[in-house]
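These notes concern the structure reproduced below.
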Amino acid sequence: QAKEQGKNGFQFFTRDMNETIDRKSKLATGLRKGLEHGEFTIHYQPQISLQNEQIIGVEALLRWNHPEWGSISPAEFIPIAEETGSITKIGEFVLEEACRQNKYWQDLGLAPFRVAVNISARQFVQKDLTEVVSAILDKTGLDAQYLELELTETIIQNADTAIATMEELAALGVHLSIDDFGTGYSSLSYLKLFPIDSLKIDQHFTRNIKSDSKDAALVKTIIRMAHDLGLNVIAEGVETLEQLDFLKTEQCNQAQGYYFNRPLPAQEIEDIYYTIEPA
Ligand code: C2E
Ligand code: MG
Ligand code: MG
Ligand code: MG
């Protein structure tokens with residue numbers, strides 16, 4: 001039955017618990033083999049400065065294209081990779097590939113920008129994360145300042161340990177940001193303890209800034225607070241000119257979203273880069 005389901009495409013909204021479990025275990029197995037079989041690629045989404053509209057960074061977003069099942073959303077497979085532990089190897093692949101790619105862009109002569117890599121909770125608590133990151137920087141030759149690690153509030157299982165890990169990472173010279181800011185339940189007082197550089201405003205807030213005055217108030221407040229704490233702010237999920245104008249008025253530093261670009265294969269980053277800033 002599972003086989004039949006695979007051939008007919010995915011059933012994202014199944015009512016049958018057994019099918020859900022079948023699909024999860026099928027994906028869990030697929031994830032383990034996917035790395036060896038080269039089924040993962042990375043797309044890059046530009047992060048744009050709102051001061052001069054230049055690319056200041058790109059976020060690395062993992063893509064999984066299975067030969068039989070087609071493309072599977074990270075929103076579905078990342079949580080499974082987390083649960084089963086395969087995120088550790090997959091995460092290392094993303095880090096290494098993103099650093100290698102960014103170094104390649106620099107060697108091509110593009111003005112250097114940062115590559116931001118998502119780090120999941122399970123990766124964050126692995127005891128040798130700093131060593132892994134440091135070894136990858138050495139191996140790829142990328143300068144630490146051109147790597148950013150995106151952490152979410154879910155990594156904070158123990159505040160003291162989390163701060164210690166962040167400090168080790170920050171000491172390497174990499175940038176740290178808090179992703180999906182505003183959707184977790186962590187205390188704001190952490191913000192003054194974390195050695196971070198930026199907050200990423202979650203796309204759910206960005207989406208409603210023109211239609212919901214309360215979301216608009218929250219976004220204004222986050223920007224103001226971040227600046228008062230000496231942090232940079234980037235808005236995720238910017239899709240319209242109206243949203244962009246609002247963010248510019250509120251002095252948000254950077255934006256990322258479909259209004260500018262979707263996540264793109266590496267080659268297309270080179271193409272748009274030359275369009276935005278001719279060499
Ligand atoms: P995220 O890190 O918050 O990434 C932003 C997500 O929003 C991406 O979805 C991106 O494609 C999407 N997005 C960007 N601009 C817009 C927009 O204007 N409108 C809308 N509606 N969406 C936009 P994606 O690529 O499907 O990734 C989903 C999540 O999966 C990511 O959320 C991240 O939490 C996770 N993820 C992706 N790649 C990795 C990875 O390499 N490692 C880990 N640990 N997690 C990853
Ligand atoms: Mg992210
Ligand atoms: Mg996010
Ligand atoms: Mg997210």
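Of the residues in the range 226-241, not one is in contact (Cβ under 8 Å) with a residue 40 or more places away in the chain and part of a helix (DSSP H, G or I). Kindly indicate the residue of the range 124-134 that is assigned to a helix (DSSP H, G or I) and open to solvent by 60 Å² or more (accessible area, probe 1.4 Å) and also modelled with the highest pLDDT among those meeting that condition. Filtering the range 124-134 for residues that are assigned to a helix (DSSP H, G or I) and open to solvent by 60 Å² or more (accessible area, probe 1.4 Å), the one modelled with the highest pLDDT comes out as GLU131. Does PHE246 fit the bill of being within 16 Å of ligand 4 (Cβ to nearest atom), in a helix (DSSP H, G or I) and not polar (S, T, N, Q)? For PHE246, the condition - within 16 Å of ligand 4 (Cβ to nearest atom), in a helix (DSSP H, G or I) and not polar (S, T, N, Q) - is not met.
Scanning the range 77-100 for residues that are in contact with a strand residue (DSSP E or B) (Cβ under 9 Å, 6 or more places away or on another chain) and open to solvent by 10 Å² or more (accessible area, probe 1.4 Å) yields ILE78, PHE93, VAL94, GLU97. The residue of the range 147-174 that is farthest from ligand 2 (Cβ to nearest atom), among those that are open to solvent by 50 Å² or more (accessible area, probe 1.4 Å) and not small (Gly, Ala, Ser), is ASP160. Right, LEU218: more than 16 Å from ligand 3 (Cβ to nearest atom), assigned to a helix (DSSP H, G or I) and surrounded by 14 or more Cβ atoms within 10 Å (Cβ to Cβ) or not? Taking the combined requirement at face value, the residue does not satisfy it. The test for being buried (at least 19 other Cβ atoms within 10 Å of the Cβ), more than 16 Å from ligand 1 (Cβ to nearest atom) and in contact (Cβ under 8 Å) with a residue 24 or more places away in the chain holds for LEU137. Applying the criterion of being assigned to a helix (DSSP H, G or I) and farther than 26 Å from SER134 by Cα to the residues of the range 156-206, the residue that is farthest from ligand 1 (Cβ to nearest atom) is SER189.
Output the strands (runs of 3 or more DSSP E) that fall wholly within the range 7-123 and possess 2 or more residues being farther than 28 Å from LEU199 by Cα and not hydrophobic (A, V, I, L, M, F, W, C), or say none. Break it down into steps so the answer makes sense when it comes.
Numbers: elements: 40-49, 55-66, 70-72, 114-118.
Per the criteria, 55-66, 70-72.
Listed by first and then second residue, the pairs linking a residue in the range 73-98 that is touching a residue at least 24 places away in the same chain (Cβ under 8 Å) to a residue that is basic (Lys, Arg) and within 14 Å of ligand 4 (Cβ to nearest atom), with Cβ atoms under 9 Å apart and 6 or more places separating them unless they lie on different chains, form an empty list. Yes or no: TRP64 without any contact (Cβ under 8 Å) to a residue 40 or more places away in the chain and among the aromatic types (Phe, Trp, Tyr)? Spelling it out, TRP64 is indeed without any contact (Cβ under 8 Å) to a residue 40 or more places away in the chain and among the aromatic types (Phe, Trp, Tyr). Checking each residue in the range 14-42 for being modelled with pLDDT of 90 or more and open to solvent by 50 Å² or more (accessible area, probe 1.4 Å) picks out LYS24, SER25, THR29, ARG32, LYS33, LEU35, GLU36, HIS37, GLY38, THR41. May I ask you to list the residues in the range 57-76 that are among the aromatic types (Phe, Trp, Tyr) and open to solvent by 10 Å² or more (accessible area, probe 1.4 Å)? Result: TRP69, single match. When each of SER186, SER198, SER177 is tested for being open to solvent by less than 50 Å² (accessible area, probe 1.4 Å), more than 19 Å from VAL125 (Cβ to Cβ) and under 22 Å from the mean Cα position of the chain (by Cα), the lone residue that passes is SER198.
Only residues that are away from ligand 3 (no atom under 16 Å from the Cβ) and charged (D, E, K, R): list them for the range 167-195, please. Across the range 167-195, the qualifying residues are GLU167, GLU168, LYS192.
The values are calculated or read from the model by the stated rules, or taken from the named source; none is laboratory data. Because the structure is predicted, anything quoted here is derived from the model rather than measured. Cβ sites come from the backbone with ideal geometry, for glycine too, and all protein chains shown count toward neighbours. Side chains are part of the model used for accessible areas, which takes the heavy atoms of the whole protein and leaves out ligands, DNA and RNA. Shrake-Rupley method; radii C 1.70, N 1.55, O 1.52, S 1.80 Å.
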